[in-house]
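Heads up: the structure comes next, in C-alpha cells.
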Amino acid sequence: MNTGLQFKDDNSYVDLGSNSAISSNVDQITVETWVMDSTLADSSAYVSSAVVEGSSVGGFNLGTHAGRFGFGMSSKDSGDFSYVIGPDFLVKPNKGKWTHLAGTYDGQSIKFYINGKYVGCSGDAQSGEINWGGATKLFMGAFSAGKGTFAGGFLDETRIWKAARSQTQIQQFMSKTLNEPYFPTLVVYLRWDGQKKGETKGCEDTGTLDTLRLHNVELVESHVKLDMGSVSETCKAKE
C-alpha cells in the first residue's frame, strides 16, 4: 500500500532532526514532494529548514508564499530570502489535488516546477553556497517546532538532493518510487510506505524518526499515482 502523511491541524508537524546531511558546503539543492493542500495558506511549510525572523534569515522552504505554491531560499552572497511562486493558472486548479512540487538551486538561480512544468526563475541575485542563517533542523509541515502551518494537508514521497535536478530528471522520476542503489546525490528520501493505516511505530526502527517526532500526524493511504517499483518496510528509506 502506498502510504503518506496527514497533517490534522495547526499542531501537526514532523521534526526530522538535524539538517546536517544537507547543510555542509552546499551550493546546489533540489527539494521535491507530492502535496495535497486544500487551504493554500498565505505562508506555510511543506518541507523546510528555514529561519526568517528579524535579522536571522537563511535556509530553504518548499511550501506556500503569498497564498501560492512556491520555493524560497537564501544564499551567502545575497543574505536575503527569495521565492519563486506559481502563477494562478497552475496553482488554483491544483488546490485540494495531489500535486508534485520541486524547487532547485544551482548556485546561481532558483527554479520552481509544478507537476514537472517549469514555473519560473528567481530574478533576485542569489549565488554561492546556501546561507543557513542559523537553521539547524529539518521539518515537514512547519517552519520550527510547535509551529505547524499545514492543517488538513497531506504529503508523500519527499526527496532532497545535493544537486540541481534538471526538468527532464524531475519529470522522469516524479511519478515513481526510487529503488536501490540510490543516486549518490540523494540525501533525504521519505517514502512512508510499508506501514499499516494509522500506524506510526514503524518509524521507530530508523533510529532518527520515532513517534516523538511525529506530532499529531497520521500515516494514511496515499492516492498519489506512483509506479511502485518496490515496497519500503520503514517510513524513511534513506537518510
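The values are calculated or read from the model by the stated rules, or taken from the named source; none is laboratory data. Everything quoted here is computed from the prediction, not taken from an experiment. We place every Cβ from the backbone using ideal geometry, glycine too, and count neighbours over all the protein chains shown. Side chains are part of the model used for accessible areas, which takes the heavy atoms of the whole protein and leaves out ligands, DNA and RNA. Shrake-Rupley method; radii C 1.70, N 1.55, O 1.52, S 1.80 Å.
Using only the heavy atoms of the protein chains and a 1.4 Å probe, how would Ser18, Ser109 rank by accessible area, largest first? Before the final figure, lay out the partial values.
Numbers: Ser18 75, Ser109 20 Å².
Ranked list, largest accessible area first: Ser18, Ser109.
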Amide H partners (placed H, <5 Å) of Gly120, local residues excluded:
Phe112
Take Asp88, Asp37 and sort them by solvent-accessible surface of the protein heavy atoms, 1.4 Å probe, largest at the top.
Asp88, Asp37
Determine which residues of region 145-171 fall in the zone a paramagnetic label at Tyr118 would reach in this model, i.e. backbone nitrogen under 17 Å from the point 7 Å along Cα→Cβ.
164-171
Tensor-based shape of region 133-197 (alpha-carbon gyration tensor, a/c under 1.5 rounded, otherwise prolate or oblate)
oblate
Would you pull out the residues with amide H under 5 Å of Phe69's amide H, same chain only if 5 or more places away, H placed 1.01 Å from N?
Gly86
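For region 1-89, give the percent of accessible area contributed by carbon and sulfur heavy atoms, probe 1.4 Å, rounded to a whole number. Numbers along the way, then the final one.
Working: 1330 of 3220 Å².
That fraction is 41 percent.
Going by the alpha-carbon gyration tensor, a ≥ b ≥ c the square roots of its eigenvalues, is region 23-82 rounded (a/c under 1.5) or, if a/c is not under 1.5, prolate (a/b greater than b/c) versus oblate? Mind showing how you got there, number by number?
Working: a/c = 2.56, a/b = 1.50, b/c = 1.70.
Judged from the Cα gyration tensor, region 23-82 comes out oblate (a/c at least 1.5, b/c at or above a/b).
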Under-5 Å amide H pairs with Asp27, H placed in peptide plane, nonlocal only
Ile130
For a label point 7 Å along the Cα-to-beta-carbon line of His223, residues of region 1-27 with backbone N under 20 Å:
1-9
